[in-house]
Amino acid sequence: DQSDATKLVVTPKNPRVLKSHSILLKCQAEYDSHLKHSFKLSWRKDGDELPVNSTEGGRIILDRDTLFISSVLLEDQGVYRCVASTALDSAEAEAQLIVLDVPDPPEDLQLSENQNRSVRLSWKAGASHNSPVNESIIEFEENHWEPEVWQELSRVPGNDTTALLSLAPYVNYQFRVVSVNAVGRSQPSKPSLRYSTPPAAPDKNPENIRVEASEPNEMVMKWEPLKPMERNGPGLEYKVSWRQRGVETDWNEELVKKHSLSVRNVPTFVPYEIKVQAVNNLGSGPEPNITIGYSGEDVPDAAPSGVSVEVVNSTLVKVFWFGIPRDRVRGHLRGYKVSWWKTKSMLDGKRHHPEKHFLTFVGDRNYGMIPGLEPFSEFRLTVLAFNSRGDGPESSPVVFETPEGVPEQPRFLRILNFDKDSVTLSWGLPKKANGHLTGYILQYQIINETHEVGAVSNVSVANRSALSWRLAGLSPSTKYKFYIKACTAKGCGKAATEEGLTLAQGSKGSGRISDAVKPTPKFQPSEALEPGTEYTIRLVTKNWVDNNSIFEDVIETRGRAYAGIYEGISTQGWFIGLMCAIALLTLLLLTICFVRRNKGGKYSVKEKEDLHPDPEAQSIKDEIFGEYSDSDEKPLKGSLQSLNGDIKATGSADSLVDYGEGEHGMFNEDGSFIGAYSGSKEKGSVESTGSSTATFPLHA
């Protein structure tokens with residue numbers, strides 16, 4: 001049967017590759033499958049067969065139908081032929097590899113047509129390496145100002161090999177040429193012979209002439225010096241001319257070698273006409289242009305007038321003024337500065353050490369806004385003009401007052417006591433009242449774990465001295481969030497918040513005490529307490545401004561019949577300890593413990609009777625102070641023992657004040673502080689109208 005002829009194709013067909021890049025040639029063959037055992041493939045370059053093994057250290061790799069060349073060299077260029085043969089026939093295909101590179105450097109530089117300001121440069125182009133030259137760059141070096149530094153002089157388009165060069169006077173040149181094609185720049189040619197141009201007068205004058213800030217009655221003129229290639233000859237100097245503008249007078253002139261000139265004894269801040277001309281040994285530059293500059297500035301000598309203040313709100317005012325006349329600025333007006341300082345608080349009339357603040361308003365304007373003021377305060381304010389030299393005199397102080405603002409957030413909000421349907425809250429004064437406090441807004445709402453919240457309930461605390469409140473009518477076993485805001489006539493400020501959970505139905509109340517407050521020995525009440533009456537107890541630091549140490553709770557006294565029951569519970573500490581070992585004790589030990597527990601309750605009552613043989617003896621509800629202990633003493637858990645009992649304090653050498661007998665004995669030392677709290681409970685407690693308030697100052 002008839003065989004199919006063998007066919008070959010080499011891809012890519014005619015590749016163009018940059019020098020040092022790589023190329024992969026692939027020979028795709030089609031031949032009769034019956035002849036695959038006799039099929040052979042080989043590669044040839046320019047007629048010579050390439051060895052099957054890799055050559056030149058692996059730079060050229062033959063792998064059956066592929067030929068891979070890495071880091072292509074110029075000599076890799078040529079015709080690559082793939083040859084295939086079988087037992088019946090043979091076939092071949094070829095590809096021409098073209099290698100691209102930057103041009104070789106130009107050669108044989110020649111100078112001709114020599115002139116004072118020009119010369120012709122000619123050269124021979126180097127090989128272009130398959131990418132035509134599209135531009136030639138001519139560079140120069142001169143050996144006087146910057147020896148061995150090559151700078152571009154001109155460019156010649158296309159493949160031209162000659163150029164007429166424009167030259168500067170008084171320069172010793174040499175030239176070189178760089179050729180450019182699509183691949184990149186050639187190496188530069190070898191330099192030409194040197195070519196010197198003769199000197200000449202300057203062609204240009206200095207630029208950027210200016211008068212810089214200086215002392216009053218002085219003028220400093222400055223300019224950019226000529227570049228070395230612009231000097232044109234030896235002996236370069238600058239001729240400076242100046243005269244007062246608008247005054248018919250001759251020019252003042254001076255020759256200087258540097259690029260500045262200072263002139264003294266001139267009027268303050270008046271305009272001058274200034275000229276600067278370049279001069280060398282061969283002559284002067286062209287006629288210079290006139291520049292206007294001002295002599296030295298002095299600070300303004302007048303203050304703004306008509307200063308007035310318009311109050312926008314409790315922290316922001318708008319200031320107006322009349323600007324100073326132009327001739328009083330004595331310089332370039334930069335703007336105005338407004339200074340202000342607080343003189344006293346309108347809340348307490350307290351004078352303040354003046355701490356000055358200022359704001360700068362740039363440019364010629366006549367008003368400005370002053371933010372961030374303290375509300376309910378008296379201020380003084382001045383305005384001044386300033387220029388580049390400095391500040392002018394201040395205007396006479398204007399007095400203004402900011403109105404009341406809303407208070408800052410209360411320092412804290414704490415839950416003192418939780419019951420199943422009520423809570424007692426305590427809070428601190430706001431850090432800044434920003435006005436006369438009118439009272440507080442107490443808000444609360446039910447919250448739960450699903451991010452749903454109940455409606456907000458509001459309670460208005462109209463007593464501005466109140467720092468606590470008892471909320472009743474709450475739901476048992478419910479989580480609440482509480483908010484307290486302080487208010488002035490202007491409104492209410494930001495709220496302090498706290499969250500808590502009411503007790504379950506049927507459980508007993510559980511109080512909390514701040515860690516900052518510890519019980520102290522020799523604690524004696526000054527009044528006989530009425531049985532069956534609810535009382536508010538407060539512990540206040542001696543320096544009561546430190547609200548962080550306030551404790552408050554509500555207690556209720558009982559009759560004698562309940563004393564044993566409530567006092568007995570105060571011995572829960574050892575009872576809880578025994579409960580931990582219940583698995584190791586026998587039923588007999590449990591019985592003994594029960595008997596001891598009943599006996600333990602009578603000790604406090606007897607002690608109480610010994611101290612005060614009063615037929616109306618009473619005990620204190622046991623759940624007042626929560627749980628605390630002294631590290632060196634037996635733990636006192638769950639109760640106050642009795643108001644006459646001794647209570648130890650931790651970490652404080654001071655004890656609670658020993659209060660004398662009589663109705664007013666306890667108020668002698670800190671009566672004014674007590675007044676700040678008195679009455680807060682009557683308004684605060686929904687369920688205890690007419691209840692008494694006792695406050696115990698604590699030495700801080």
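The values are calculated or read from the model by the stated rules, or taken from the named source; none is laboratory data. In this text, all values refer to a predicted model and were calculated from it rather than measured experimentally. Here the Cβ positions follow ideal geometry from the backbone for every residue, glycine too, while neighbour counts run over all protein chains shown. Accessible surface is based on the protein model in full, side chains and every heavy atom, while ligands, DNA and RNA are left aside. Shrake-Rupley method; radii C 1.70, N 1.55, O 1.52, S 1.80 Å.
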Next on the checklist: How many angstrom lie between the Cα centre of segment 349-385 and the Cα centre of segment 102-159?
Outcome noted: 69
Next on the checklist: Using 0.36 nm times the number of residues separating Asp104 and Arg326, minus their current alpha carbon distance, what extension gain do you get?
Outcome noted: 73.0 nm
Next on the checklist: How far apart, in nanometres, would the label points at Ser284 and Ser475 be if each is projected 7 angstrom from Cα along the Cα-to-Cβ direction?
Outcome noted: 10.2
Checklist entry - So what is the accessible area of segment 7-100 per residue, in Å², with the probe set to 1.4 Å? => result 59
Item to check | Relative contact order (%) - segment 273-353, alpha-carbon pairs under 8 angstrom, separation at least six | outcome: 21
Item to check | Loop-located GluC sites (Glu not before Pro) in segment 126-187 whose Cβ has at most 15 other Cβ within 10 Å (DSSP) | outcome: Glu148
Item to check | Simple spin-label estimate for Lys318 and Asn143 in nanometres, 7 Å along Cα-Cβ | outcome: 7.6
Checklist entry - Carbon-plus-sulfur fraction of the accessible area of segment 308-402, 1.4 Å probe, in percent? => result 50
Next on the checklist: Given a 1.4 angstrom probe, what's the average accessible area per residue across segment 107-197, in square angstrom?
Outcome noted: 54
Item to check | For segment 268-378, accessible area per residue (1.4 Å probe, heavy atoms of protein chains only), Å² | outcome: 52
Checklist entry - Roughly how many percent of the accessible protein surface of segment 7-100 is carbon and sulfur, given a 1.4 Å probe and a whole-percent answer? => result 50
Next on the checklist: Can you tell me the length gained on complete extension of the stretch His21 to His353, counting 0.36 nm per residue apart and subtracting the Cα distance?
Outcome noted: 111.6 nm
Checklist outcome for this item: In nm, the gap between the two label points placed 7 Å beyond Cα toward Cβ at Val399 and Asp46 is 10.7
Checklist entry - What FRET efficiency do you get for Asp89 and Arg194 if R0 is 45 Å and r is their Cβ-Cβ distance, rounded to the nearest 0.05? => result 0.05
Checklist entry - Expressed as a rounded percentage, what relative contact order does segment 70-185 have, with Cα pairs under 8 Å and six or more residues apart? => result 27
Checklist outcome for this item: trypsin sites (Lys or Arg not before Pro) in segment 210-267 lying in a DSSP loop, each with at most 10 other Cβ atoms within 10 Å of its Cβ, come to Lys257, Lys258
Checklist entry - How large, in percent, is the carbon and sulfur part of the accessible surface of segment 107-197 at a probe radius of 1.4 Å? => result 45
Item to check | About the Cα centre, charge dipole magnitude for segment 7-100 (Lys/Arg +1, Asp/Glu -1 at Cβ), debye | outcome: 240
Item to check | Among 6-14, 171-179, 435-443, the order from most to least packed when residues are scored by Cβ within 10 Å on average | outcome: 171-179, 435-443, 6-14
